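S.K.: The structure is given below, and queries will be raised subsequently.
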Amino acid sequence: MKPENISRLFGTDGIRGEAGKFPLDPGTVRVIGRSLAIHLAERTGRKPTIVTGRDTRESGGWIEREFIAGARVSGAEVQSAEIITTPGIAFLARDLPADAGVVISASHNPYQDNGIKVFEPSGRKLDEATERRIENDIAESSLNASQLTSNHVAERATFEKHAAELRLRYLNYLQHDIAHDLSLHGFTIVIDCANGAAYELAPELFTRLGARVIAINHEPDGRNINRDCGSLHIESLQGRVVEERADLGVAFDGDADRALFVDAKGNFIDGDATMWVMADDLKSRGELIGDVVVATVMSNIGLEIALRSRGIALTRADVGDKYVLEELIRSSAVMGGEQSGHIIFPRLSLAGDGLITTIGLLRAMRSHSKTLEELVVGFQRYPQVLVNVRVREKKPFETLPAVQRLSEEIKQQLGSSGRLLLRYSGTESLARVMIEGESESEVKSKANALAQAIRAELGSDDS
């Protein structure tokens with residue numbers, strides 16, 4: 001059943017939800033495919049071309065088929081790369097070129113969820129105006145599902161052959177255009193594929209580059225994607241790196257747009273530490289144009305301080321790769337990302353690509369003849385405390401005198417060695433107090449004091 005009142009379906013990462021339920025039920029997925037094809041045709045004045053792909057969730061196959069059926073009814077030509085990473089589709093949309101790239105994935109979510117992400121040929125996410133048109137088409141559609149059938153089974157063999165060719169095209173791009181002269185002979189790498197989209201691509205790529213590759217969590221069964229593995233569960237990778245005496249461990253998420261790392265001693269290297277290593281390397285080679293890096297408001301102040309020591313400025317964007325990309329383009333910076341390991345190099349790709357990030361990190365290790373542990377030196381993670389306060393309403397903090405006064409006092413006390421971030425949750429009735437500083441006990445005390453001041457002004461009965 002379709003809800004009578006449809007609100008915004010596209011979030012910062014496309015449409016996402018439980019597979020089989022609105023808006024990821026078969027009929028609605030077909031309408032999405034039909035609608036996208038219609039609006040692309042209106043924009044281009046011709047029959048549009050769309051390239052699709054998916055991760056390894058059990059629902060991915062039928063969702064992709066339903067989408068393709070809807071798009072083809074409206075005259076679109078659709079090519080499928082089948083199981084491929086999200087940035088792989090972003091690349092193919094640009095390289096073929098296609099008028100849009102569509103990924104069926106829910107990234108780091110459990111297998112029950114799925115999603116639809118749409119990329120422009122540039123690699124940017126679909127523009128908001130077209131997203132609103134598709135949402136309107138869903139709301140207004142009374143399309144009979146039987147009108148949108150497709151003889152997909154009859155063309156199965158052709159699809160599989162062409163899909164393999166598309167995946168090879170992406171793999172060759174990574175090997176020859178991105179890695180080009182990088183040799184990993186003598187390197188041992190443990191790769192946690194998260195039972196996701198990179199389960200074949202990642203081991204093959206780094207084997208081609210000469211590394212000894214040990215792949216783990218690379219046997220997807222449709223339901224084990226992200227389950228106790230990948231970038232959300234780094235512990236097994238840490239143990240395996242030490243056990244194998246590997247030079248590096250890398251963990252991808254379900255669609256491999258992010259990568260997190262483990263050094264040879266089993267230490268966890270998150271996105272902030274990765275950005276420090278990459279920025280320092282780019283600066284040493286004269287390639288960090290403008291001496292600026294883009295991160296989010298949640299990146300640790302330790303990154304800001306480390307970058308400052310090398311004469312590099314940190315610009316902060318709202319949480320979400322969409323906002324990081326917007327700031328990268330606005331500022332013409334060459335690198336930005338998030339703690340999650342979603343890092344963007346806009347001169348290479350406007351989509352975060354865990355495989356490109358890994359190549360860049362390995363290049364830094366090779367060119368400086370240093371271990372990852374040695375390259376991270378200079379970055380110190382500062383204690384961070386986050387306190388949530390349930391509130392009855394979300395008044396602007398600057399209208400609360402006691403809260404404003406205490407906030408200013410804390411900022412002065414922290415100085416340049418600490419940071420206060422005060423904001424409301426976008427989805428819950430919560431005020432979030434985040435403080436970073438050199439002393440964990442001090443930041444805890446300050447965060448609790450500020451939380452109490454907010455509670456006194458806005459606290460709900462159940463806070």
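The values are calculated or read from the model by the stated rules, or taken from the named source; none is laboratory data. Just so we're clear, the structure is a prediction, and the values are computed from it rather than from any experiment. Ideal geometry is used to build each Cβ from the backbone, glycine not excepted, and the neighbour counts take in all protein chains shown. Please note that ligands, DNA and RNA were not included when accessible areas were found on the heavy atoms of the full protein model with its side chains. Shrake-Rupley method; radii C 1.70, N 1.55, O 1.52, S 1.80 Å.
S.K.: Amide H neighbours of G336 under 5 Å, counting only residues 5+ apart in sequence or on other chains, H built in-plane at 1.01 Å?
M.R.: V294, I344
S.K.: Amide H to amide H under 5 Å from I225: which residues, 5+ apart in sequence or cross-chain, H placed 1.01 Å off N in plane?
M.R.: Residues meeting the criterion, in which the H sits 1.01 Å from N, do not exist here.
S.K.: For segment 219-235, take each phi angle, set θ = phi - 60°, evaluate the Karplus expression 6.51 cos²θ - 1.76 cosθ + 1.60, and give the result in whole Hz per residue in order, putting x for glycine and proline.
M.R.: Karplus-based 3J(HN,Hα) across segment 219-235 equals 10, x, 10, x, 10, 9, 4, 6, 7, 6, 7, x, 5, 8, 9, 8, 4 Hz.
S.K.: If you don't mind, there's one more thing I want to ask. Where in the chain is the longest stretch that carries no GluC sites (Glu not before Pro) classed as loop by DSSP and with at most 12 other Cβ atoms within 10 Å?
M.R.: 5-286
S.K.: With an 8 Å cut-off on Cα pairs and a minimum separation of 6 or more residues, tell me the relative contact order of the chain in percent.
M.R.: 11 percent
S.K.: Excluding same-chain residues fewer than 8 positions from K370, which aspartates and glutamates have a Cα within less than 17 Å of its Cα?
M.R.: Cross-link targets: D247, D263, D280, D281.
S.K.: Provide the net charge surrounding S105, with neighbours chosen by a C-beta distance below 10 Å and charges set as Lys +1, Arg +1, Asp -1, Glu -1.
M.R.: Here the count lands on -2.
S.K.: Taking all protein chains in place and a 1.4 Å probe, what share, in percent, of the accessible surface of the chain do carbon and sulfur account for?
M.R.: 46 percent
S.K.: Right, something else. Find the eigenvalues of the gyration tensor of the Cα atoms of segment 249-374, then list the square roots of 5 times those eigenvalues as equivalent ellipsoid semi-axes, largest first, in whole angstrom.
M.R.: In descending order, the three semi-axes are 20, 17, 14 Å.
S.K.: Could you go through segment 400-405 in sequence order and give the Karplus-derived ³J(HN,Hα) for each residue, using 6.51 cos²θ - 1.76 cosθ + 1.60 with θ = phi - 60°, rounded to whole Hz, and x for Gly and Pro?
M.R.: With coefficients 6.51, -1.76 and 1.60, one gets 10, x, 5, 5, 5, 5 Hz.
S.K.: When the Karplus curve 6.51 cos²θ - 1.76 cosθ + 1.60 is applied with θ = phi - 60°, which whole-Hz ³J(HN,Hα) does each residue of segment 442-447 get, with x for Gly and Pro?
M.R.: 5, 5, 4, 4, 5, 5
S.K.: Report the antiparallel proportion of the DSSP beta bridges in the chain as a percent, rounded to a multiple of 5.
M.R.: Percent antiparallel among DSSP bridges in the chain is about 55.
S.K.: Past 32 Å, Cα to Cα, is the threshold; run K47/K117; K283/K394; K395/K444; K394/K444; K21/K125 against it and keep the listed order.
M.R.: Checking Cα-Cα distances, K283/K394 exceed 32 Å.
S.K.: Let me ask another. Roughly how many debye, to the nearest 20, is the charge dipole of the chain about its Cα centre, given +1 on each Lys and Arg Cβ, -1 on each Asp and Glu Cβ, and no other charges?
M.R.: In debye, rounded to 20, the chain gives about 560.
S.K.: Sticking with this one: Could you give the alpha-carbon Rg of the chain over 2.2 N^0.38 Å, rounded to two decimals?
M.R.: Ratio of Rg to 2.2 N^0.38 Å for the chain: 1.03.
S.K.: Determine the equivalent ellipsoid of segment 197-236 by diagonalising the alpha-carbon gyration tensor, then write out the semi-axes as square roots of 5 times the eigenvalues, largest first, rounded to whole Å.
M.R.: Equivalent ellipsoid semi-axes, largest first: 20, 12, 7 Å.
S.K.: What number comes out for accessible area per residue over the chain if the probe is 1.4 Å? Units Å², please.
M.R.: 42 Å²
S.K.: What does the charge count near R245 come to, summing +1 for each Lys or Arg and -1 for each Asp or Glu among other residues with Cβ under 13 Å from its Cβ?
M.R.: Taking every other residue near R245 into account, the sum is -1.
S.K.: Another question, then. Determine the calculated [θ] at 222 nm for the chain from helices alone, applying -39500 (n - 2.57) to every DSSP H run no shorter than 4 residues and normalising by the residue count; nearest 500 deg cm²/dmol.
M.R.: -12000 deg cm²/dmol
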